[in-house]
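Below you'll find the structure, written out as structure tokens, and then a few comments.
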Amino acid sequence: MVRLIAILVLAFGVAAPRTALAQDPATLADIRQELTVLYVEVQRLKRELSTTGGTGTSVGTGDTFDRIAAIESELQRLTGKSEELEFRIGRVIEDGTNRIGDLEFRLCELESGCDISALGDTPTLGGGAAPGVPAVAPAPTTQPATQLAANEQADFERAQEALAARDFRAAADQFEAFNQTYPGGPLAIEATLRRGEALEGLGDVREGARAYLSAFTLDQQGPLAAEALYRLGNALGRLGQSSEACVTLGEVGVRFPGAAAVTDAEAAMRNLGCS
């Protein structure tokens, strides 16, 4: 997976040529400064997890039943507080780890002699695994859930109809608006994938490829992952990135044997003359 991501990073490096980046020392300094800020944030979180040595807990001075009730109440309060902090720290660790991984790729591109394919997975900030993120109850809405789902489905179908009618501009705009209105919804990945189709239909192959890459990275094992990876590889071929396209298309059969997209990927590889 690291090899595939590295290849895709190089493929999209056309948008920011390496020679131009290497000549910009301010960019390298900015990246190093951002890394420093991230590590300072981690140290701040570690201090937050350290005990101050004092407590304000009182279990009452009444009879046994009163004290038990006070203890149970305090336990509930502390449990809720710990879950809140665990969720917050888990999100910071996950976001920070992802950002550092991205910065490591960018630094490697900027520094001569760095082999991107040799980069390993970014270690989790603070070591070990990130704290589990407890389920959070959805925020109340002013509409019933069934009505919201119906609106979401209707908006998605409207964008699909525009795509089927080859009104690519309307389809791209509607799929983008859909993901802004329903972020993280059950149809978000497919909306991202279909937006890539619409952009490619408009002739914007590079932005279409970026949408395919986004759809694939959002869910690398889901029902649309094989199609997203195939479309990404095919778009890379159209962009003239033949080597990267062949590797990406070859991954479709390796990762998703038996998927319908494998046949399309193999045909695309033959057209590109992949060995």
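Observations
- Inter-label distance, Phe87 to Glu74: 2.5 nm, where each label sits 7 Å from its Cα along the C-beta direction.
- Neighbour-count ranking [beta-carbon atoms within 10 angstrom, fewest first] of Ser82, Ser214, Ser275, Ser243: Ser275, Ser82, Ser243, Ser214
- Protection proxy ranking, highest mean first, for peptides 227-234, 247-254, 196-203, 85-92: 227-234, 247-254, 196-203, 85-92, where packing is the per-residue count of other beta-carbon atoms within 10 Å, averaged.
- Mean separation of Cα contacts under 8 Å, 6 or more apart, over the residue count of the stretch 146-272: relative contact order %: 15 percent
- Semi-axis lengths, largest first, of the ellipsoid equivalent to the stretch 146-272 are 26, 16, 11 Å, with √(5λ) applied to each eigenvalue of the Cα gyration tensor.
- Relative contact order of the stretch 201-275, pairs being alpha-carbon contacts under 8 Å that are 6 or more residues apart, as %: 26 percent
- Order of Phe256, Phe175 - criterion: other Cβ atoms within 10 Å of each residue's Cβ, fewest first: Phe256, Phe175
All of the numbers you see were taken from the coordinates with simple rules; none came from a lab. Given the structure is predicted, the values throughout are model-derived calculations rather than measurements. When we count neighbours, we look across all protein chains shown, and the Cβ atoms used for this are built from the backbone with ideal geometry, even at glycine.
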